[in-house]
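Encoded as structure tokens, the structure appears first; notes follow it.
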Amino acid sequence: MVSLKDPSLFTQQAYIGGEWVDAPDGKTEQVTNPATGEVLGTVPVLGRDAVAHAIDVAEKAQKQWKKRTAKERSAVLMKWYDLMMENQEDLARLMTAEQGKPLAEARGEIAYASSFLQWFAEEGKRIYGDVIPTFAQGRRVIVLKEPVGVCAAITPWNFPTAMITRKAAPALAVGCAMVVKPAIETPFSALAMAVLAERAGLPKGLLSIVTGDAKTIGAEMTENPTVRKLTFTGSTAVGRLLMRQCADTVKKISLELGGNAPFIVCEDADIDAAVDGAIASKYRNSGQTCVCANRFFIHDAIYDEFAEKYAAKVSEMKVGNGAEDGVVLGPLITEKAVEKVENQIADALSKGGRILTGGKRHAKGGSFFEPTVIADANRDMLVFREETFGPMAPLIRFHSDDEALEMANDSEFGLASYFYSRDISRIWKMAEGLESGLVGVNAGVIATEVAPFGGYKQSGIGREGSKYGVEDYLEVKYVCMAGI
Ligand code: ADP
């Protein structure tokens, strides 16, 4: 069990239509701490009926919610934001227990997650329509922005709180309702948020948290015609599947999928800054973020210096239970995740890769893994094509900007890219040449609620955060007034 200042934030029931519920047949699923294997508790395994009920109640609640003024909706989100920040420590502890990330990162995620509530509480008040110069005498052309209606969200375990607020905050701010299915690995963070939403005065039914089998819940969310929009963060494979499932009811969709981020260090880069950026970008959340650098392209002239400095710093990173002081790398989420990293390393070694540090499971056992750097990596390796989602950095050598750009863009993904350079014309060439939705120039961590987040190519559809993040939850209505 996690010890919390406010134990009522830990709940083992799902939240549907403003009620805390168990599964009608009493079925539950265990949630474990990936650092210790300890069972933290259970959550209900709900059937389709429960999800359908959540959607029905959401529809009724949304009809009232959309009539409230933006300022009234904003006030509820602001209160929710305050409560999240007041309970930051408890929420972070809960997250570390079920997700594994170091406590400092969990605290950071609660602040990041809450920032979306604050941002969209403000942004929701600035949803402007339009008056367009008329095309005919006696007619007026007006554009209204309206909420899309009931939205469903399916979210992953790597950011158990932020991936929900990034969707729920804009949806609720503009007058939608949302039914959320958190990942089964990390439901307690989602449920704790709902406790605080309720305390903030969010009317019943506007936010439901449904737990259980992904396929069953996903089927109801995608087939139910009342759901007008599906928003998903997770793997590209599941994103494709959900997109297909949404076709029959022509739902709007937002997808935030996998990445294969290049991290380019040009010959004129500040190498020490690049080393620090590369560490932050690669090893945050033990490499389990969709914007983590996946392929490192280092210019031949500085390759050896970068590799040596990088490997030296990486080898000093402390691995362990995220709840312990000084730990910067927690466990991977599951055994399967560890096997994927092992498999990519074995493949890299068989194709000429050379381990500079790490390379195997950590002596702590379980799903702990050594932070790893592999030199002499190349484009024939699995890691060039596949997201690692673990703490392994392959270093690939390049000789010209064009070569680096060509390799960086040689991917079906296009979420984040990073590069280090101090040359202004090179910076523009790279920033414009990289095919991705986010580009970090001399920065390894760039996500913020004020900027748009989303992918090019098969990394997704739509943008989250920023002034763009509300558009995905709005319909545009053209009103033509005649007879004037
Ligand atoms: P990850 O590698 O992050 O676990 P997934 O895409 O498998 O990526 O999971 C992201 C979310 O998608 C989780 O909430 C998971 O339960 C959900 N999910 C996985 N498979 C399906 C499915 N077939 N239908 C609906 N949701 C799914």
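The values are calculated or read from the model by the stated rules, or taken from the named source; none is laboratory data. These figures come from a predicted structure and were not determined experimentally. Positions of Cβ are backbone-derived with ideal geometry, glycine not excepted, and every protein chain shown enters the neighbour counts.
Put simply, of A162, A153, A113 the only residue that is buried (at least 24 other Cβ atoms within 10 Å of the Cβ), under 25 Å from A52 (Cβ atoms) and in the same structural domain as P34 (by the TED database) is A153.
Taken over the range 294-311, residues that are over 14 Å from T372 (Cβ atoms), among the small types (G, A, S) and outside any loop (DSSP other than H, G, I, E, B) amount to 0. Only a single item in (1) surrounded by fewer than 22 Cβ atoms within 10 Å (Cβ to Cβ); (2) in a loop (DSSP other than H, G, I, E, B) is not met by V291, and it is number (1).
Of all the numbered requirements in (1) over 21 Å from A111 (Cα atoms); (2) near the ligand (Cβ under 10 Å from one of its atoms); (3) of a type outside the set (D, E, K, R); (4) crowded, with 24+ Cβ neighbours inside 10 Å, G212 misses one, and that requirement is (4).
Pairs linking a residue in the range 135-149 that is in the same structural domain as L172 (by the TED database) to a residue that is of a type in the set (G, A, S) and assigned to a strand (DSSP E or B), with Cβ atoms under 9 Å and 6 or more positions apart or on different chains, are P147/A177; G149/A177. Considering the range 119-134, and only residues there that are more than 18 Å from the chain's Cα centre (by Cα) and assigned to a helix (DSSP H, G or I), the residue that is farthest from A200 (Cα to Cα) turns out to be R126.
Can you spot a residue in the range 142-158 that is part of a helix (DSSP H, G or I), modelled with pLDDT of 95 or more and within 16 Å of the ligand (Cβ to nearest atom)?
From the range 142-158, those part of a helix (DSSP H, G or I) are none; that's our starting set.
Checked against the condition, which is being part of a helix (DSSP H, G or I), modelled with pLDDT of 95 or more and within 16 Å of the ligand (Cβ to nearest atom), the range 142-158 yields no hits at all.
For K313, are the conditions met, namely being in contact with a Gly (Cβ under 7 Å, 6 or more places away or on another chain), farther than 18 Å from V383 by Cα and without any contact (Cβ under 8 Å) to a residue 60 or more places away in the chain? Lay out the reasoning, then the answer.
Working: in contact with a Gly (Cβ under 7 Å, 6 or more places away or on another chain): no; farther than 18 Å from V383 by Cα: yes; without any contact (Cβ under 8 Å) to a residue 60 or more places away in the chain: yes.
No: the conditions fail for K313.
At least 2 residues being in contact with a strand residue (DSSP E or B) (Cβ under 7 Å, 6 or more places away or on another chain), within 25 Å of R73 (Cα to Cα) and not assigned by the TED database to the domain that holds S436 is the threshold, and among the strands (runs of 3 or more DSSP E) wholly inside the range 172-273 those reaching it are 177-181, 207-209, 227-233, 252-256.
Table: residues versus (1) in a loop (DSSP other than H, G, I, E, B); (2) under 25 Å from the mean Cα position of the chain (by Cα); (3) touching a residue at least 60 places away in the same chain (Cβ under 8 Å).
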site: L4; (1), (2), (3): yes, no, yes
site: A23; (1), (2), (3): yes, no, yes
site: G37; (1), (2), (3): yes, yes, yes
site: G41; (1), (2), (3): no, yes, yes
site: A54; (1), (2), (3): no, yes, yes
site: E72; (1), (2), (3): no, no, no
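Being small (G, A, S), within 22 Å of G353 (Cβ to Cβ) and assigned to a strand (DSSP E or B) is true of A375. None of V439, V479 is surrounded by fewer than 17 Cβ atoms within 10 Å (Cβ to Cβ) and of a type in the set (V, I, T) except V479. Yes or no: L241 within 16 Å of the ligand (Cβ to nearest atom), farther than 23 Å from M317 by Cβ, buried (at least 22 other Cβ atoms within 10 Å of the Cβ) and aliphatic (A, V, I, L, M)? Judged against the criteria, L241 is not a match. When restricted to residues that are within 12 Å of the ligand (Cβ to nearest atom), buried (at least 22 other Cβ atoms within 10 Å of the Cβ) and either of a type in the set (G, A, S) or over 25 Å from K27 (Cβ atoms) (or both), the range 215-229 contains 0.
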